[in-house]
Structures are given as structure tokens and as C-alpha cells.
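The values are calculated or read from the model by the stated rules, or taken from the named source; none is laboratory data. In this text, all values refer to a predicted model and were calculated from it rather than measured experimentally. Here the Cβ positions follow ideal geometry from the backbone for every residue, glycine too, while neighbour counts run over all protein chains shown.
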Amino acid sequence: MGLKPRAAFTLNEIPFVPTPQPVVEKMLQLAAVKPDEVVYDLGAGDGRVVFTAVNKFSAKGVAVELDPWRADLIREKVIRQDLKEKVMVRQEDLFQTPLKNADVVTLYLLPEANRLLSKKLLVELPDNARVVAHNYPIPELRAKEILHVKCDGRLHTLYLYQPKTLKRF
């Protein structure tokens with residue numbers, strides 16, 4: 001599917017802000033990740049979501065990261081942890097990443113990026129796929145569940161979606 005959102009997002013527009021590890025675990029629990037499911041992290045940063053999915057939930061991971069330096073760091077971790085069979089790293093624009101094989105998609109992006117992704121998620125994801133967004137909801141889509149997680153003195157909000165069962169507001 002050739003969705004082409006505006007190409008004006010740059011590395012500076014979607015900054016790397018790491019999700020605290022306890023929040024990562026809650027995201028994956030909220031998505032009810034099962035063994036051998038495939039978890040895509042769009043804007044993977046340091047890869048912590050996919051490594052947690054693989055190491056704690058026995059899933060497979062796809063780290064999608066535009067920044068070549070960060071993508072290389074994730075690849076190095078994959079090699080060091082001997083996870084070549086479990087983790088794929090895609091150094092590319094997340095808007096161009098095919099999602100048809102994803103069981104779970106995780107997002108910690110800015111509201112505009114989430115808005116631009118909403119149609120792609122609805123069109124490309126399989127029927128049973130789940131999406132968890134951290135701190136910023138996906139506009140125009142209704143969350144199936146919202147979870148508040150307190151970590152390091154901050155309140156984090158997690159939004160669970162099942163795009164094929166979603167209704168627009």
C-alpha cells in the first residue's frame with residue numbers, strides 16, 4: 001500500500017526519548033504479547049521494546065529506526081545477544097514500513113506522526129493486531145483500553161488499539 005504522508009518529518013522532528021523499562025514492560029503486557037508473535041517498534045530508538053519483547057515475552061521483534069547511528073547500535077546489540085533469528089532491524093522511514101506481518105505495533109511518537117499513521121494502521125495491519133501508543137493517543141481512533149503507569153515520579157499513559165475493530169469518532 002503506497003501511503004505517502006508528508007515527507008517533512010526529520011530526525012529532529014521525532015526526537016529520541018527513551019521509554020522507561022517498567023513502562024516498556026507494561027506496554028507489552030497491555031498488548032498481551034504471546035510467544036512467537038511479531039512486535040514492531042516504529043521509531044525504535046535503542047531497541048529496548050523489541051529486546052524486551054524477545055527476552056521477556058518470547059516474541060520476535062522488528063526495530064524500525066530512521067537514524068542510521070541508532071539502527072547500527074540496535075544491530076550491534078542483536079549480534080552481541082545472538083538474536084539474529086529473533087530481531088530484524090529496518091533502517092527506514094516508518095511511514096514506508098509494511099505492517100502486514102505485525103501482531104503488535106508500539107509507538108512513542110509525536111501526535112502528528114500518530115495522526116499520519118492512523119490510516120496506515122487501519123489498512124495494513126492484520127485483523128488481530130494490536131497497537132500500543134505511549135503518552136500520545138492516535139487521533140480519530142478510539143482506544144480499547146487506557147492504562148496509567150507511574151514511573152520515576154512521572155505519569156505515563158498507554159493507549160491500546162485494535163485497528164480492525166476500531167471505530168472513528
| request: Consider residue 46 carefully, then state whether it is in a loop (DSSP other than H, G, I, E, B) and free of Cβ contacts under 8 Å to residues at least 12 places away in the same chain. | output: no
| query | What residue, of 64, 104, is touching a Lys or Arg at 6+ places or on another chain (Cβ under 6 Å), crowded, with 19+ Cβ neighbours inside 10 Å and free of Cβ contacts under 8 Å to residues at least 40 places away in the same chain? | reply | 64
| Mind checking which residues of the range 22-73 are under 22 Å from residue 150 (Cβ atoms) and among the charged types (D, E, K, R)? | 25, 26, 48, 56
| Residue satisfying all of: in the range 132-169; touching a residue at least 60 places away in the same chain (Cβ under 8 Å) and within 21 Å of residue 101 (Cβ to Cβ); surrounded by the most Cβ atoms within 10 Å (Cβ to Cβ) among these | 132
| query | Considering only the range 52-106, how many residues are within 16 Å of the chain's Cα centre (by Cα), part of a helix (DSSP H, G or I) and of a type in the set (S, T, N, Q)? | reply | 2
| Residues satisfying the stated conditions in the range 113-143, i.e. of a type in the set (S, T, N, Q) and in a loop (DSSP other than H, G, I, E, B) | 128, 135
| Before we move on, is residue 89 touching a Leu at 6+ places or on another chain (Cβ under 6 Å) and of a type outside the set (Asp, Glu)? | no
| Extreme residue, modelled with the lowest pLDDT, among residues of the range 8-22 that are surrounded by fewer than 23 Cβ atoms within 10 Å (Cβ to Cβ) and touching a strand residue (DSSP E or B) at 6+ places or on another chain (Cβ under 8 Å) | 20
| note | Within the range 67-101, the residues that are within 13 Å of residue 38 (Cβ to Cβ) and surrounded by 16 or more Cβ atoms within 10 Å (Cβ to Cβ) are 86, 87, 88, 90, 97, 99
| query | Which of the residues spanning the range 113-131 are surrounded by fewer than 17 Cβ atoms within 10 Å (Cβ to Cβ) and either without any contact (Cβ under 8 Å) to a residue 40 or more places away in the chain or of a type in the set (Asp, Glu) (or both)? | reply | 126, 127, 128
| message | Just the residues that are out of contact with any Phe, Trp or Tyr (no Cβ under 8 Å at 6 or more places or on another chain) and not charged (D, E, K, R), please, taken from the range 64-84. | response | 66, 68, 69, 71, 73, 74, 78, 79
